[in-house]
Amino acid sequence: MAKFGPKRQGPRSDIPAKLGRTHRQEHLNLTTTHNGHHRPPPRPPRRPYPPSLIPTHPKHPLRLGPGLRHVPPSSILPTVAGQLIVNPHKTSMWIESNGGRYTPSPSDLVIGRVLRSAADLYYVSLSPYTPPASLPHLAFESATKKTRPQLAPGALVYARVSLANRHMDPELECVSPSTGKADGLGPLTGGMVFDVSPGFARRLLLARSRDEGGVEVLELLGAEGVAFETAVGRNGRVWVGSESVKAVVVVGRALKETDEGRLGGEEQRRLVKRLVREMR
């Protein structure tokens, strides 16, 4: 938590409607199985990245982010389309995807909405496209059966993904496994949540979002005297809290317009000046 001062295509029109079955099959480049079913040609295999693009360090292991998969012994393959981002200082790399769907990955910071409570865990929604994640009742700082947070359906939580793979539903935690402290995680009260693209959320989460991600709108708003705090979820949600409702709305508008308009540095500065002037 930070504080500041596919369209569906129709049938091919270039294929004559009266072509026979065999001719249409050849025109569409389909193959026929032994039972008469049609299937498209196989997709070309994804090529691994050359070693020159993979960061290395004598002491630190390579960290793979979303969109990449390790194929033993040393191949790194993309799993989604997008831009390859490499951070040699942290020996990490990931795919910055323009897709609108979030795929949970371990260690991701996310903002979830509680759906319901079970005997010993909460079911939490991360996005409309992912199965509900589980958040144990005791996965909070100093939580016991008597002192654990009582979260009603609709409550917001800032959590970390502790487990995520294709065979199991995601699991969350609101406490650091190494220190036992919340470190800013836990229930979010008040404020508002704004939806942004997952790619924009990742840029906001960078340690130096202004230099590395090209996002300076939050720092600019703080420099203008707008007091607020934020929590950014990798799943494309940003929580904004402030004592002023106007400040919350201005910050949310600034984030969404920067994301949707893909604004650069100068455009972000003009946007902030306009929004602050309208607020006052």
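Bear in mind that the values in this text are calculations on the coordinates, not laboratory data. On a predicted model such as this, the values are computed, not experimentally measured, just so you know. Cβ: placed from backbone, ideal geometry, glycine included. Neighbour counts: every protein chain shown.
Please compute the Kirkwood hydrodynamic radius of the stretch 83-190 from all pairs of different C-alpha atoms, in Å with one decimal. Before the final figure, lay out the partial values.
Values: mean 1/r = 0.0673 Å⁻¹.
Averaging 1/r across every pair of different Cα atoms and inverting gives 14.9 Å.
For the stretch 133-195, the relative contact order is 36 percent, taking Cα pairs closer than 8 Å that sit 6 or more residues apart in sequence and dividing their mean separation by the residue count. Of all aspartates and glutamates in the structure, the ones whose alpha carbon falls short of 15 Å from that of K146, not counting any fewer than 8 places away in one chain, are D120.
Roughly what percent of Cα-Cα pairs across the stretch 234-280 reach past 15 Å? All intermediate terms of the calculation are to be shown ahead of the outcome.
Working: 502 of 1081 pairs.
Summing the P(r) of the stretch 234-280 above 15 Å gives 46 percent of all pairs.
Applying a threshold of 22 Å to the alpha-carbon distances of K3/K273; K3/K181; K3/K90; K59/K181; K59/K90 flags K3/K90; K59/K181 as lying beyond it.
Positive contributions from Lys and Arg (+1) and negative ones from Asp and Glu (-1), summed over other residues with Cβ under 12 Å from the Cβ of G236, come out at +3. Highest mean packing comes first when the peptides 266-278, 55-67 are listed by Cβ atoms within 10 Å, giving 266-278, 55-67. When you filter the trypsin sites (Lys or Arg not before Pro) in the stretch 198-251 for DSSP loop state and at most 14 other Cβ atoms inside 10 Å of their Cβ, you are left with R208. Normalised by the number of residues in the stretch 124-265, the mean separation of alpha-carbon contacts (under 8 Å, six or more apart) gives a relative contact order of 19 percent.
In this label model, S117 and Y49 are separated by 4.4 nm, measuring between points 7 Å along each Cα→Cβ vector.
Could you calculate the FRET efficiency of L77 with R262 from 1/(1 + (r/R0)^6), where r is the beta carbon distance between them and R0 is 30 Å, rounded to 0.05?
My answer for the efficiency is 0.60.
With each label modelled as a point 7 angstrom along the Cα→C-beta vector, the V245-V86 pair spans 5.1 nm. Computed as a quarter of the hull surface, the mean projected area of the alpha carbon convex hull for the stretch 119-267 stands at 10.5 nm².
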